[in-house]
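The values are calculated or read from the model by the stated rules, or taken from the named source; none is laboratory data. It should be emphasised that the depicted structure is a prediction, and the values quoted were computed from it without experimental measurement. All Cβ positions, glycine included, derive from the backbone under ideal geometry; neighbour counts span all protein chains shown. Ligands, DNA and RNA are stripped out before the accessible areas are found, and what is left, the full protein with its side chains, is counted by its heavy atoms. Shrake-Rupley method; radii C 1.70, N 1.55, O 1.52, S 1.80 Å.
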Amino acid sequence: MFEKLRRIDENRLEVPRDYKPGMKTRGIIYVDSALERALELGSVEQVANVASLPGIVGASMAMPDVHTGYGFPIGGVAAFDLQEGVISPGGVGYDINCGVRLLRSNLVRERLLPRMKDLVDVLFREIPAGVGSKGKLRLGKADEEKVLLKGARWAVERGFGEMADLERIESGGCLEGADPSLVSNKAYERGGAQQGTLGSGNHFLEIQYVDTIYDEEAARALNLFKDQITVMIHTGSRGFGHQVCTDFLEVMSRAAAKYGIELPDRELACAPFKSAEAQDYLAAMKAAANYAWANRQCLMHWTREAFMSVLSMGPHELGMTLIYDVAHNIAKVEEHTVNGRKTKLIMHRKGSTRAFPPGHPELPDAYRKLGQPVLIPGDMGRASFVLLGTEKAMQETFGSTCHGAGRMMSRHHAIRQAKGRAIWRELADKGIIVKSTGRETLAEEMPEAYKDVSDVVNVVHNAGISTKVARLRPMGVIKG
Amino acid sequence: MQFETIDISGDAGIRARGSTVPEAFANAGIGMYSLITDISWVNESTSIVFEANGDSLEGLLVSYLNELVFRFDTHGFIGRKIEIGDISGLSMSVTVYGEEFDPGRHEQRLLIKAATYHNIKVKQIDGMWEVEVVFDI
């Protein structure tokens with residue numbers, strides 16, 4: 001079925017409306033000819049399936065890091081009309097508000113190098129990670145409800161960070177309209193001991209340095225400079241968000257049947273946006289999104305503490321402040337211009353990042369002129385990127401861009417490839433210290449298992465839906 | 001054991017067999033536990049019992065496995081042996097023998113976060129039941 005795809009330009013492929021019966025709009029996949037070769041048929045099918053859902057507005061899109069997900073592809077962007085359209089948990093993903101935050105510091109690489117081993121050891125001890133690990137916090141139901149309503153603010157009020165952090169988080173680290181009463185007891189139980197934990201799989205905490213600046217002016221505005229130490233944290237809403245998704249897939253599956261929506265795949269279960277089922281999901285999803293923002297806030301605080309204790313530095317000298325925090329698995333009502341008219345839409349971003357342009361009212365004052373910082377983590381051996389949102393993204397992709405490198409190799413294949421190799425030593429030879437709780441985690445997550453993030457980022461940069469500011473190289477990685 | 005792993009990009013799946021649906025389901029559960037840890041180190045010192053329900057055999061499989069995920073994620077319960085009673089009206093009784101997961105003693109493999117409907121299969125082949133399920137990790 002690849003032969004049905006049509007190249008629109010250097011950076012975009014079209015999945016035409018006749019690719020598959022039932023499509024209400026076309027699909028657009030952002031890939032250049034090199035990444036097109038890594039495209040899986042399964043993800044093209046999924047782009048087409050999403051195009052068949054009721055009330056979709058514009059094209060069903062996928063970013064260059066696209067790969068096959070559950071229902072919606074990972075790397076997917078889809079907008080739905082509030083009157084005619086649907087909301088789907090599959091368009092958000094199991095890990096609700098999985099996302100990334102980036103911290104800057106006053107440190108330069110040379111200063112940190114001699115202390116790296118100690119620092120990684122302390123972070124590994126202080127940041128709970130991995131299978132069966134327990135967090136430092138134990139939340140009762142009343143506490144958890146506060147987390148769900150307040151998001152990152154809850155953490156700051158508990159002493160984990162500063163109020164100033166909040167304005168540098170997408171949506172201020174809290175979505176309004178979360179309803180804790182719509183969350184199951186199972187989700188509360190899973191969430192009770194997992195607030196302030198990193199998790200496992202592709203989640204990580206990484207110490208990095210700025211190795212290339214592409215846009216000097218923007219880097220200055222973001223307070224970034226060459227050889228500077230940064231920290232990137234990638235995690236989400238943990239078991240709490242997964243339980244919310246699992247619970248609502250059942251609700252939505254029944255709702256789809258009730259409202260007569262035909263589903264090509266049960267993981268696409270959805271309900272009309274206006275229905276009670278959809279509104280309940282949205283309010284529970286917001287609660288999970290807030291749980292995730294509180295989680296990244298706690299982890300950032302402990303990271304700062306670890307740096308201060310290992311380096312015997314005060315907060316002022318260390319200067320470890322938040323650059324930004326983005327969600328890359330989320331649904332939100334946003335205003336966009338469609339056919340020249342301002343319209344509210346329910347945006348689904350699953351493995352894709354919001355990339356709002358300069359001047360957008362949702363951006364904090366500090367970044368209003370600059371545009372929204374976009375944080376793109378890569379694999380643990382290569383690089384990560386800081387980009388900015390653009391007006392073109394607003395026009396073409398409802399203000400969205402890619403979210404990461406995108407997996408290329410299955411876990412099994414990666415483990416086979418890694419057999420007889422010591423991945424940690426290969427990384428150590430490149431100056432990257434890695435610590436992980438799981439023996440197989442490093443093999444599964446080895447750099448070759450992913451597309452080269454630079455190729456992915458070049459596509460979104462060349463397509464103009466975000467622009468490169470800086471490249472970050474890993475020095476130390478904590479994984480589950 | 002009557003199960004094997006399925007190779008899938010980014011995540012992990014299990015294909016399990018049994019002469020009856022309950023047996024195939026039980027083997028799928030053991031397969032899932034084997035993705036989390038090496039179950040030969042798990043003791044059968046305690047047990048849990050619960051009732052699972054679904055709207056179809058596939059729905060029943062997903063809901064039962066998600067209950068195991070939930071018990072692991074909240075109470076650290078890891079199983080080694082699973083007994084499933086007869087399925088009547090798309091509900092079944094499940095007994096799992098195991099113990100509390102101890103990272104000091106048990107290998108930390110994959111953190112399974114949900115059983116999904118992605119490419120799910122429950123089918124009868126040559127008199128044997130075969131199921132396939134993919135997990136979000």
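Miscellaneous remarks
- Farthest positive-ward along chain A dipole, Cα basis, beta-carbon charges - from A:Asn185, A:Val77, A:Pro114: A:Pro114
- Computed from point charges on the beta carbon alone (+1 for Lys and Arg, -1 for Asp and Glu), the dipole magnitude for the protein assembly as shown about its Cα centre is near 1020 Debye.
- Cβ-derived FRET efficiency at R0 45 Å, A:Trp424 paired with B:Gln124, nearest 0.05: 0.50
- Between B and A, roughly 3100 Å² of accessible area is buried in total, ligands, DNA and RNA not counted and the probe set to 1.4 Å.
- The largest-to-smallest principal axis extents of the Cα set in the stretch A:275-396 are 56, 34, 32 Å.
- On Cα atoms only, tilt of B:21-36 relative to the major axis of chain B in degrees: 30 degrees
- Taking 7 Å steps out from each Cα toward its Cβ at B:Asp7 and B:Asp102 produces label points 3.7 nm apart.
- 14 Å Cα-Cα reach of A:Lys146 towards aspartates and glutamates, excluding residues that sit fewer than 8 places from it in its own chain: A:Glu157, A:Glu176, A:Asp179
- Residue mean of other protein chain beta carbons inside 10 Å, B:4-13: 6
- With contacts taken as Cα pairs under 8 Å and at least 6 residues apart, chain A reaches a relative contact order of 22 percent.
- Cross-link pairs beyond the 23 Å C-alpha cut-off, checked among A:Lys117/A:Lys479; A:Lys136/A:Lys350; A:Lys392/A:Lys451; A:Lys134/A:Lys435: A:Lys136/A:Lys350; A:Lys392/A:Lys451
- Distance between modelled label sites at A:Val338 and A:Met308, nm, 7 Å Cα→Cβ extension: 4.8 nm
- Cα-based helix-to-principal-axis angle, B:57-75 vs chain B, degrees rounded to 10: 10 degrees
- Count Lys and Arg as plus one, Asp and Glu as minus one, and take only other residues whose Cβ is under 9 Å from that of B:Tyr117; the net charge is then -2.
- Other residues within the sphere of radius under 14 Å centred on the Cβ of B:Ile78, judged by their own Cβ, net out at -3 (K and R +1, D and E -1).
- In this rough spin-label picture, where each label sits 7 Å from Cα along the Cβ direction, the A:Arg37-A:Lys274 distance is 5.0 nm.
- Karplus-derived 3J(HN,Hα), 6.51/-1.76/1.60, for each residue of the stretch B:126-132, Hz, glycine and proline x: 6, x, 10, 8, 10, 10, 10
- Dividing the Cα radius of gyration of the stretch A:1-73 by its Kirkwood radius returns 0.92 for Rg/Rh.
- Percent of C-alpha pairs per 5 Å bin, the stretch B:3-136, short to long: 2, 11, 22, 25, 21, 12, 5, 1, 0
- Computed over chain B, relative contact order equals 31 percent, with contacts defined as Cα pairs under 8 Å that lie 6+ residues apart.
- Using the Cβ-Cβ distance between A:Val108 and A:Glu391 with R0 = 45 Å, the FRET efficiency computed as 1/(1 + (r/R0)^6) comes to roughly 0.85.
- Rg/Rh for the stretch A:202-293 stands at 1.23; both radii use Cα atoms, and Rh follows the Kirkwood definition.
- Of the trypsin sites (Lys or Arg not before Pro) found in the stretch A:289-381, those that fall in a DSSP loop while having at most 16 other beta-carbon atoms within 10 Å are A:Lys369.
- The charge dipole of the stretch B:3-136, taken about the Cα centre with unit charges on the Cβ atoms of Lys, Arg (+1) and Asp, Glu (-1), comes to about 80 debye, rounded to the nearest 20.
- Antiparallel DSSP beta bridges within chain A, as percent of all bridges there, nearest 5: 90 percent
- Gyration tensor (Cα) of the protein assembly as shown, equivalent ellipsoid semi-axes in angstrom: 35, 30, 23
- Reach of A:Lys4 by Cα under 18 Å, taken over lysines that are not fewer than 8 positions away in the same chain: A:Lys20, A:Lys24
- Per-residue ³J(HN,Hα) for the stretch A:403-410, Karplus 6.51 cos²θ - 1.76 cosθ + 1.60, θ = phi - 60°, Hz, x for Gly and Pro: 10, x, 7, x, 6, 10, 10, 5
- Accessible area per residue for chain B, computed on protein heavy atoms with a 1.4 Å probe, is 38 Å².
- Degrees, to the nearest 10: A:238-258 long Cα axis against longest axis of chain A: 0 degrees
- For the pair A:Asp118 and A:Ile415, a Förster radius of 25 Å applied to the C-beta separation gives a FRET efficiency near 0.25, rounded to the nearest 0.05.
- Under 9 Å, Cβ to Cβ, from A:Leu35 - net charge with Lys/Arg +1 and Asp/Glu -1: -2
- Dipole-positive endmost among A:Gly340, A:Gly91, B:Ile36 within the protein assembly as shown (Cβ charges, Cα centre): A:Gly340
- Carbon + sulfur, % of accessible area of the stretch B:3-136 - ligands and nucleic acids excluded, 1.4 Å: 46 percent
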